[in-house]
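Structure first, commentary second.
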Amino acid sequence: MNVCSKCKNEITGDLYISKLNETKILCENCYYAETFCMAMSKIMQICKKYKNTNLQMHKEELILEIYKNNKQKNLYKILEIEKQQDKLKVVILPDKITKIIDIKDFEELIYIINNQKQVGIPNQKEVKLLRQKYKPGTKVQLIKMYDYISPVSSGTIGSVDFIDDIGNIHMKWENGSRLSLIAGLDEFKILED
Ligand SMILES: [Zn+2]
């Protein structure tokens, strides 16, 4: 008979080995509880690096507020973070986007959101310069897209379709995606013929 070293109940299902102490076996519930505790402390460490964040703990959920600046005045996004087995379920508000991610992807998510918040809308003169540089048909290769919804993969090649009035570079990517590039945020380069 196997007994969970945490809750002391008999383990009827799969056995799990504690990540904190490899000599201990755990039941599924205790294993995921342990994983979440580890994830939470990692989340706290990540958030400490950003002065514009405020992390609150509720019963089964973490609420992370991301502000536009370090004074915690203009709220930019709210993240509701819950455990989902050994992954995190993150709801990004006000976009209402749900993502199921590994803890290692959480740091990337916060990084992307923080990059996005810093991007302003280009003025008319800047849009004009963008249109001169990225004419329709210009071949572009993506280095990195700062988008947490469904970014185009790094290295993808596409051609410029047009640039709209707020400076978004509308693209026709080789993989069929039409996601636009944001100058000053996304990293990309022109491919010379
Ligand atoms: Zn247990």
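Rule-based calculations on the coordinates, nothing more; no lab input. From a predicted model like this one, the values you see are computed outputs, not experimental measurements. FYI the Cβ positions are ideal-geometry reconstructions off the backbone, even for glycines, and counts take in every protein chain you see.
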Notebook entry, point to check: Per residue and in cubic angstrom, what volume does the convex hull of the Cα atoms of the chain have?
Noted result: 157
Check: If we count every other residue with Cβ under 9 angstrom of V127's Cβ, Lys/Arg +1 and Asp/Glu -1, where does the sum land?
Finding: 0
Item checked: For region 56-153: rounded, prolate or oblate by the Cα gyration tensor [a/c cutoff 1.5] -> oblate
Notebook entry, point to check: Just from the alpha-carbon atoms, what are the Rg and Dmax of region 67-112 in angstroms?
Noted result: 11.6, 35
Item checked: Flagged links, alpha-carbon separation over 19 Å, of K49/K104; K49/K77; K19/K51; K6/K48 -> K19/K51; K6/K48
Next item on the list: May I ask you to derive the FRET efficiency for A33 and I143 from their Cβ-Cβ distance with R0 = 45 Å, giving the value to the nearest 0.05?
Entry: 0.70
Next item on the list: Compute the FRET efficiency between Q85 and N54 as 1/(1 + (r/R0)^6), taking r as their Cβ-Cβ distance and R0 = 30 Å, and round to the nearest 0.05.
Entry: 0.65
Notebook entry, point to check: Points 7 angstrom from Cα along the Cβ direction at F162 and E126: gap in nanometres?
Noted result: 2.2
Checklist line | Extent along principal axes [Cα atoms of region 1-97; Å; largest to smallest] | finding: 56, 25, 17
Check: When the chain is modelled as a GNM with alpha-carbon springs shorter than 10 Å, which of K68, K49, K89 fluctuates the most?
Finding: K49
Margin query: Give the aspartates and glutamates whose C-alpha is closer than 15 Å to that of K59, dropping any in the same chain fewer than 8 places away, or say none.
Written below: E80, E82
Next item on the list: Could you let me know the centre-to-centre spacing of region 100-172 and region 33-72, using Cα atoms, in angstrom?
Entry: 27
Item checked: Sorted by Cβ density within 10 Å, fewest first, the residues L26, L191 -> L191, L26
Item checked: In nm, spacing of pseudo-spin labels at L93 and S5 (7 Å Cα→C-beta vector) -> 3.9
Note to self: Can you tell me the orientation of helix 103-117 relative to the chain, as the angle in degrees between its alpha-carbon axis and the longest Cα principal axis, to the nearest 10?
What the structure shows: 30
Next item on the list: May I ask for the net charge around I17, where only other residues with Cβ less than 15 Å from the Cβ of I17 are counted and Lys, Arg are +1 while Asp, Glu are -1?
Entry: -2
Notebook entry, point to check: Taking only DSSP H segments of four or more residues, each worth -39500 (n - 2.57), what value at 222 nm results for the chain once the sum is divided by all its residues, to the nearest 500 deg cm²/dmol?
Noted result: -8000 deg cm²/dmol
Note to self: For the pairs K24/K144; K8/K89; K42/K139; K73/K128, flag any whose C-alpha to C-alpha distance is greater than 31 Å.
What the structure shows: K24/K144; K42/K139; K73/K128
Notebook entry, point to check: For region 136-176, what is the convex hull (Cα atoms) projected area averaged across all directions, in square nanometres?
Noted result: 3.0
